[in-house]
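> First the structure, then my questions, so here it is.
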Amino acid sequence: MFKVFENIANLLLFINFILFLLRFNKENKAYRIYTIYLGVIVAVQIALKSFIYFGYENLVLSHAYFCGQFIMLSLFYLELLKEKYQQQIIKWNLGITISVVVLSFSLNPSSLFNYNPIEILFTSISLIVYSTFHFYNMLSNRKEFYYINCGILIYLFGSTVTFLPRNLHYKFDFSFDNILQSLNIGLYITYLILVFIEWYKLNFRSLDEK
């Protein structure tokens with residue numbers, strides 16, 4: 001059953017990327033950055049499947065996923081958030097977080113082949129904070145990328161909780177890994193559905209304006 005939901009998630013991701021790509025030249029910079037983010041995640045998923053197919057360990061690619069997601073969504077929120085202090089927080093935190101993650105790998109090279117709790121915590125919490133900033137700004141401004149922001153907050157909050165204990169499974173063979181995987185894929189599908197709703201709203205808003 002997990003494989004079915006995983007395939008559904010991958011299909012939704014690919015569909016969303018294609019749909020967003022179709023409007024790439026018609027929308028603003030934040031939209032284009034988010035589209036590139038979807039493309040990066042698609043590329044990581046293809047690489048993950050390729051590693052599995054050829055029999056290679058693919059946990060090393062989790063770092064491309066977390067760091068790629070962090071960098072692209074940081075740039076997305078940097079464009080989206082208009083308050084100067086919020087932009088400064090993102091700029092400073094981008095450098096600090098990347099430095100902390102690189103340092104953690106330098107001090108513990110073996111973490112390249114496992115989930116890195118420091119990487120997960122720093123990148124995910126940062127994006128949760130940016131998402132919260134955007135919700136706060138939307139109280140008095142236009143609700144731009146509302147559904148995507150909801151999806152990011154829901155998914156990252158839940159996935160942080162599910163990913164942090166994942167190394168316990170690999171060290172102690174705990175059976176709760178299946179539960180964590182199922183919860184994570186459910187949250188991810190919810191996120192991708194909200195991304196599709198965002199595209200739908202943007203697309204039909206444009207049609208109404210014509």
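> Picking from 127, 112, 121, which residue would you name as being within 19 Å of residue 160 (Cα to Cα), among the hydrophobic types (A, V, I, L, M, F, W, C), in contact (Cβ under 8 Å) with a residue 40 or more places away in the chain and buried (at least 19 other Cβ atoms within 10 Å of the Cβ)?
Just one listed residue meets the conditions, 127.
> Pairs needed: first member in the stretch 62-88, farther than 19 Å from residue 119 by Cα; second member anywhere, outside any helix (DSSP H, G or I); C-beta distance under 7 Å; at least 6 residues apart or different chains.
What qualifies is 80/144; 80/145; 87/81.
> With respect to residue 170, is the statement that it is assigned to a helix (DSSP H, G or I), loosely packed, with under 15 Cβ neighbours inside 10 Å and either aromatic (Phe, Trp, Tyr) or at pLDDT 90 or above (or both) true?
Judged against the criteria, residue 170 is a match.
> Filter the stretch 1-35 down to residues that are out of contact with any helix residue (DSSP H, G or I) (no Cβ under 6 Å at 6 or more places or on another chain) and farther than 26 Å from residue 186 by Cα and give me whichever is modelled with the highest pLDDT.
Ranking the candidates gives 32 first.
> Before we move on, is residue 104 modelled with pLDDT of 90 or more, in a helix (DSSP H, G or I) and surrounded by 15 or more Cβ atoms within 10 Å (Cβ to Cβ)?
yes
> Answer yes or no: is there a residue in the stretch 76-88 that is within 20 Å of residue 192 (Cβ to Cβ), open to solvent by 70 Å² or more (accessible area, probe 1.4 Å) and either basic (Lys, Arg) or not in a helix (DSSP H, G or I) (or both).
Looking through the stretch 76-88, none of the residues is within 20 Å of residue 192 (Cβ to Cβ), open to solvent by 70 Å² or more (accessible area, probe 1.4 Å) and either basic (Lys, Arg) or not in a helix (DSSP H, G or I) (or both).
> In the stretch 40-69, how many are on the phi < 0 side of the Ramachandran plot, open to solvent by 20 Å² or more (accessible area, probe 1.4 Å) and among the small types (Gly, Ala, Ser)?
Total satisfying the criteria: 4.
> Here's another thing I want to ask about it. So how many residues does the stretch 8-27 have that are more than 20 Å from residue 70 (Cα to Cα), in contact (Cβ under 8 Å) with a residue 24 or more places away in the chain and either charged (D, E, K, R) or open to solvent by 50 Å² or more (accessible area, probe 1.4 Å) (or both)?
Selection size over the stretch 8-27: 5.
> Identify, please: which residue in the stretch 130-148 is surrounded by fewer than 16 Cβ atoms within 10 Å (Cβ to Cβ) and not charged (D, E, K, R) and is, among those, nearest to residue 70 (Cα to Cα)?
132
> Could you please tell me which pairs satisfy a Cβ distance under 6 Å, a separation of 6+ or placement on different chains, a first residue in the stretch 169-197 that is farther than 19 Å from residue 10 by Cβ, and a second residue that is at pLDDT below 80 and open to solvent by 60 Å² or more (accessible area, probe 1.4 Å)?
These pairs meet every condition: 174/168.
The values are calculated or read from the model by the stated rules, or taken from the named source; none is laboratory data. Quantities reported herein were computed from a predicted structural model and do not represent experimental measurements. All Cβ positions, glycine included, derive from the backbone under ideal geometry; neighbour counts span all protein chains shown. Please note that ligands, DNA and RNA were not included when accessible areas were found on the heavy atoms of the full protein model with its side chains. Shrake-Rupley method; radii C 1.70, N 1.55, O 1.52, S 1.80 Å.
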